[in-house]
1. So in segment 158-202, with the set limited to residues that are acidic (Asp, Glu) and farther than 30 Å from ASN230 by Cα, which one is surrounded by the most Cβ atoms within 10 Å (Cβ to Cβ)?
2. Checking TYR109 against (1) buried (at least 24 other Cβ atoms within 10 Å of the Cβ); (2) under 21 Å from VAL211 (Cβ atoms), which test does it fail?
3. Applying the selection to segment 201-223, what residues are within 14 Å of the chain's Cα centre (by Cα) and not in a strand (DSSP E or B)?
4. Quick one: how many residues across segment 39-52 are modelled with pLDDT of 95 or more and touching a Lys or Arg at 6+ places or on another chain (Cβ under 6 Å)?
5. Filter segment 121-141 down to residues that are under 20 Å from LEU60 (Cα atoms) and of a type in the set (A, V, I, L, M), then give me how many there are.
6. Would it be correct to say that ARG233 is without any contact (Cβ under 8 Å) to a residue 24 or more places away in the chain and either more than 15 Å from the chain's Cα centre (by Cα) or buried (at least 17 other Cβ atoms within 10 Å of the Cβ) (or both)?
7. I need every pair where a residue in segment 202-228 that is farther than 18 Å from HIS154 by Cβ and without any contact (Cβ under 8 Å) to a residue 24 or more places away in the chain has its Cβ under 8 Å from the Cβ of a residue that is assigned to a strand (DSSP E or B) and of a type in the set (S, T, N, Q), sequence separation at least 6 or different chains.
Amino acid sequence: MPYLFEPPAQRSLAIVGSAQRFPINRIFCVGRNYAAHAREMGADPEREPPFFFMKPPQALVQVDGRTPATIPYPPRTTSFHHEIELVVAVHRGGYAIAVADALDHVYGYAVGLDMTRRDLQSAARTAGRPWELGKSFAHSAPIGPIYRASEVGHIASGAIDLTVNGTVKQRSTIDQLIWSVAECLAQLSSYEPLEPGDLLMTGTPAGVGAVERGDVMRGSIARLGEITVNVAR
């Protein structure tokens, strides 16, 4: 089929220990899924069910586990925030998946950052408008290589940390998720059938904050290694 112009290349992530790559379909995100972070954002974690938003494939930045990636400081913001997150890679689709079956749809896990133009997100929230310009922009989802669940198991506990220029900014454990990975996938699949290649970013712990040009972020999750992301000067 002739195209008017060259279509975008397929985006993908490396798979640890494999020559194959994981093709990316859609990127879903869970909002306010750690109680302490929900409180720092002014929400009540005991009353709010999980909610979801999306990032475009252009948000993806492939981060090699051994080599730092560099992302630009985005325009139209003065409050560019880091959010460390557990990322779930889906390899089997399904609709209205039961919680008990949800992990069967998971291929593996990765370390990711949900970078946010916080001032734009906050202004949109106050005005009752969509978050896209604050959340869903290019280079806003740096993600490391995928670790297969068949090798590392399903990630339900263990440390999750982020440092900026060597100083700890976010530190928690995965078992502090309000809604587990299985529960999030089940909930999401009741709204929208999951498809192979979908990613789910599962929410961030407390301690989110602004980064500046030249800052170095290091994010790690137990059993999933570490990623390093620099903000361009």
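1. So the first thing to find is which residues in segment 158-202 are acidic (Asp, Glu), and the list is 161, 175, 183, 192, 195, 198.
Narrowing the set further to residues that are farther than 30 Å from ASN230 by Cα leaves 183, 192, 195.
Working: GLU183: 17, GLU192: 13, GLU195: 13.
Here the residue is GLU183.
2. (2)
3. The answer is THR202, GLY203, THR204, PRO205, VAL208.
4. Within segment 39-52, the first condition is being modelled with pLDDT of 95 or more, and the residues that meet it are 52.
Those left that are additionally touching a Lys or Arg at 6+ places or on another chain (Cβ under 6 Å): none.
Residues meeting the conditions: 0.
5. The number of residues fulfilling the criteria is 3.
6. On the way: without any contact (Cβ under 8 Å) to a residue 24 or more places away in the chain: yes; either more than 15 Å from the chain's Cα centre (by Cα) or buried (at least 17 other Cβ atoms within 10 Å of the Cβ) (or both): yes.
Spelling it out, ARG233 is indeed without any contact (Cβ under 8 Å) to a residue 24 or more places away in the chain and either more than 15 Å from the chain's Cα centre (by Cα) or buried (at least 17 other Cβ atoms within 10 Å of the Cβ) (or both).
7. Sorted first by the residue in segment 202-228, then by its partner, the pairs are GLY214/ASN230.
The rows are residues; the columns are (1) buried (at least 22 other Cβ atoms within 10 Å of the Cβ); (2) polar (S, T, N, Q); (3) farther than 27 Å from ALA222 by Cα.
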position	(1), (2), (3)
ALA69	no, no, no
PRO75	no, no, yes
HIS82	yes, no, no
VAL88	yes, no, no
ALA96	no, no, yes
LEU103	no, no, no
PHE137	no, no, yes
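The values are calculated or read from the model by the stated rules, or taken from the named source; none is laboratory data. Computed from a predicted model, the values in this text were never measured in an experiment. Ideal geometry is used to build each Cβ from the backbone, glycine not excepted, and the neighbour counts take in all protein chains shown.
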